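Below is one structure; the comments refer to it alone.
We did not get these values from a lab; they are worked out from the coordinates using the rules stated. On a predicted model such as this, the values are computed, not experimentally measured, just so you know. Note that each Cβ is placed from the backbone with ideal geometry, even for glycine, and that neighbours are counted across all protein chains shown.
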Amino acid sequence: MSNSFSRSSGAAVVCHDCDLRLARPDADRGHWFCPRCGARLGSRHRLRAQAVLALAATALVLWAPAVTLPLVYVEQFGASGSVSVASSATALLDDRYGLVAAVVLGTLVLMPAAQMIALLVAMARLHAGGRPRRWLWWYRQGREWAMPEIFLLGALIATTELGESASLRLGTGLFCLLGLVVARWVAEGLADPAVLDRILEQRDAEAGDAARV
Ligand SMILES: [Zn+2]
């Protein structure tokens, strides 16, 4: 904590990426950036906690059908079948691609759900006046590691590739996955980490508590 960049008498801000401590700029609007690592540190946008809460809840509701229901139905040479996120992961496990299956399960299945749960709880606590640092930390991890849109992209590419040799029908799972990706994308856009940091700092200041986790 001795990493002091500027000893200002006013409010200070700590970079969430590299822990550099800086004096808060006087600017009333816009964003500012960490001079060492370039992370975005501040913004004057307001947090619409209830909208984020609703979007996170929507994404969570869509999660189960997006993972379990068929994304596409394939029909070729009289045989037919369907592909879902869960069946792809189990197929990988059966083929002894254990590591790939674990990555698929982690980034496409578990992390998006964990991230939306963390966001949901964090928004509810923020709305109630709390300082949910641990939940926001999980939300941030999800921003880095959850990538359900990759599966959507893969499914769409496979659909166009297979479409030439087989007959395909889009499944409900694909639309749920699309809804999940869009809801999560908008929620992340609204729940900007820089805005969340600012709220936590304000609450710390209000509570007269400089302790950081
Ligand atoms: Zn930094």
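From helices alone, the chain scores -17500 deg cm²/dmol at 222 nm; the rule is -39500 (n - 2.57) for each run of n ≥ 4 DSSP H residues, then divide by the residue total. Panel order for PHE77, PHE33, by other beta carbons found within 10 Å of each beta carbon, from fewest to most: PHE77, PHE33. Exposure proxy shown here: for SER88, SER167, the number of other Cβ atoms within 10 Å sets the order, fewest to most, as SER167, SER88. Against the chain, whose longest principal axis comes from its Cα atoms, helix 148-162 is set at around 30 degrees.
Would you please give the FRET efficiency between TYR73 and ALA23, computed as 1/(1 + (r/R0)^6) with r the Cβ-Cβ distance and R0 = 45 Å, to the nearest 0.05?
FRET efficiency, TYR73 to ALA23: 0.15.
Compared with the dominant Cα axis of the chain, that is its longest principal axis, helix 133-145 is turned about 40°. Database remark: amide H of PHE33 closer than 5 angstrom to the amide H of LEU41 (H placed geometrically; neighbours at sequence offset of 5 or more, or on other chains; Pro and chain starts carry no H).
Going from the residue with the fewest nearby Cβ atoms within 10 Å to the one with the most, MET116, MET147, MET123 rank MET147, MET116, MET123. Take every Cα pair under 8 Å whose residues are at least 6 apart in sequence, average their separation, divide by the length of the chain, and the relative contact order is 26 percent. Taking each residue as 0.36 nm, the span from LEU170 to VAL103 lengthens on full extension beyond its C-alpha to C-alpha distance by 21.6 nm. Build a GNM of the chain with springs between Cα atoms under 10 Å apart, and of TYR97, TYR139, TYR73 the one that fluctuates most is TYR97. Restriction of the trypsin sites (Lys or Arg not before Pro) in the stretch 79-160 to DSSP coil positions whose beta-carbon has at most 15 other beta-carbons within 10 angstrom yields ARG96. Between the helical axis of 172-190 and the longest alpha-carbon principal axis of the chain there is an angle of about 10 degrees. Cysteines in the chain lacking any other cysteine Cβ under 4.7 Å from their own Cβ: CYS176.
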